[in-house]
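Taking it in order: structure first as structure tokens, then the write-up.
The values are calculated or read from the model by the stated rules, or taken from the named source; none is laboratory data. In this text, all values refer to a predicted model and were calculated from it rather than measured experimentally. Glycine gets a Cβ as well: all are built from the backbone with ideal geometry, and neighbour counts include every protein chain shown.
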Amino acid sequence: MSIAVIGLGRMGAAMARRLAGAGHRLTVWNRDGKKAATIAAETGATPSDSAASAVAGAELVISSLADDAALRSVYLGDGGVVAGLGTDTVVADTSTVDPETVFEVGRAIDAAGAAFLDCPVSGSVSTVDTGALTVMVGGDPAQLPVLRRAFDSIAKTVLHVGPRGAGAATKLAVNGLVHGLNVALAEALVLAERAGVERSTAYEVFASGAAAAPFVLYKREAYERPDEASVAFTLDLVAKDLELITGLADRVGAPMAQAETDLGVVRSAIDAGFGASDMSAVAVHLRGGRP
């Protein structure tokens, strides 16, 4: 397929590499042009000087952007995605954003005559690398065959969860669970350590029992050896997610006491200087450590 990848942060870059490796023809664009040049050199993709030129003629556009402001700017701004869309293009946004932002951007894509799916993903860079993402798709299910032709190389599960906006809402629900696990795991580990249990021993118990969720298993190295942990997902982004989650909860009337507490813990860690650290650094903060 001819695919445009818009946004080349950790996840976007990983998806571009995987898609190129599967034989798709890529054009790439990023607000920092150096990242686009680097990915182009690695994958053979064609770098573009604007989002509009990157998507022109593409069968599928896949975007991965940091937040709602970035999504609006990259899609709706001068030289943005919407300006370059053709009527035969399917647009798949994988960002974690508010459903209201999905509706706003979707209306502009509709006006351009293209098709739009909100399809955020659950997983990390390592999950992309093994083709094991879970994709939550909101929008017209008739567009799923086009999506699957590309996503089969990066995802194990592609689920249609409802009409437009349902993908974004489901992703916020998923992340509410993941971020709850993260804080609970950090607290449990620090509790065991303070009570005299060696860190790796405590984690072995966590990983062997009822709490052994995939998140607990794949974050083990980061929790056991925080000084060596690579940054997979920053606490700044965790706070962004939890703000979206609690905001959606307020609008729909869903009680989210744990998410509100988790947000307080994460903000405390950010105030202590851990904003750019991996989400597992909540445990370091609870131990009284420093970035």
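Being outside any helix (DSSP H, G or I) and aliphatic (A, V, I, L, M) is the filter; apply it to the range 187-204 and report the residue that is surrounded by the fewest Cβ atoms within 10 Å (Cβ to Cβ).
Residue satisfying both the conditions and the ranking: Ala195.
For the subset of the range 234-291 comprising residues that are acidic (Asp, Glu) and in contact with a helix residue (DSSP H, G or I) (Cβ under 9 Å, 6 or more places away or on another chain), which member is farthest from Pro99 (Cα to Cα)?
The first filter runs over the range 234-291 and keeps only residues acidic (Asp, Glu), leaving 236, 241, 243, 250, 260, 262, 271, 278.
Filter once more, keeping what is in contact with a helix residue (DSSP H, G or I) (Cβ under 9 Å, 6 or more places away or on another chain): 236, 241, 243, 260, 262, 278.
Numbers: Asp236: 20, Asp241: 12, Glu243: 13, Glu260: 19, Asp262: 21, Asp278: 26 Å.
Once the filter is applied, the top-ranked residue is Asp278.
Please give the number of the condition Lys34 fails out of (1) free of Cβ contacts under 8 Å to residues at least 12 places away in the same chain; (2) in a loop (DSSP other than H, G, I, E, B).
Checking Lys34 against (1) free of Cβ contacts under 8 Å to residues at least 12 places away in the same chain; (2) in a loop (DSSP other than H, G, I, E, B), the one that fails is (2).
Filter the range 205-233 down to the residues that are of a type in the set (Ser, Thr, Tyr) and at pLDDT below 95, then identify the one that is surrounded by the most Cβ atoms within 10 Å (Cβ to Cβ). Write out each step before concluding.
Of the residues in the range 205-233, the ones of a type in the set (Ser, Thr, Tyr) are 208, 218, 223, 230.
Subsequent filtering for residues that are at pLDDT below 95 retains 218, 230.
Working: Tyr218: 14, Ser230: 10.
Only one residue fits best here, namely Tyr218.
Determine whether the range 260-268 contains at least one residue that is at pLDDT 95 or above, assigned to a helix (DSSP H, G or I) and of a type in the set (Lys, Arg).
So far as the range 260-268 goes, yes, one or more of its residues are at pLDDT 95 or above, assigned to a helix (DSSP H, G or I) and of a type in the set (Lys, Arg).
Evaluate the following for Gly7: is it in contact (Cβ under 8 Å) with a residue 40 or more places away in the chain and either under 21 Å from Pro120 (Cα atoms) or out of contact with any Leu (no Cβ under 6 Å at 6 or more places or on another chain) (or both)?
Yes, satisfied.
Within the bounds of the range 95-107, is there any residue that is part of a helix (DSSP H, G or I), over 21 Å from Phe233 (Cα atoms), polar (S, T, N, Q) and more than 22 Å from the chain's Cα centre (by Cα)?
no
Residues checked against (1) in contact with a Gly (Cβ under 9 Å, 6 or more places away or on another chain); (2) not in a strand (DSSP E or B):
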residue: Val128; (1), (2): no, yes
residue: Thr134; (1), (2): yes, no
residue: Leu147; (1), (2): no, yes
residue: Thr157; (1), (2): no, no
residue: His160; (1), (2): yes, no
residue: Arg164; (1), (2): yes, yes
residue: Val174; (1), (2): no, yes
residue: Leu185; (1), (2): no, yes
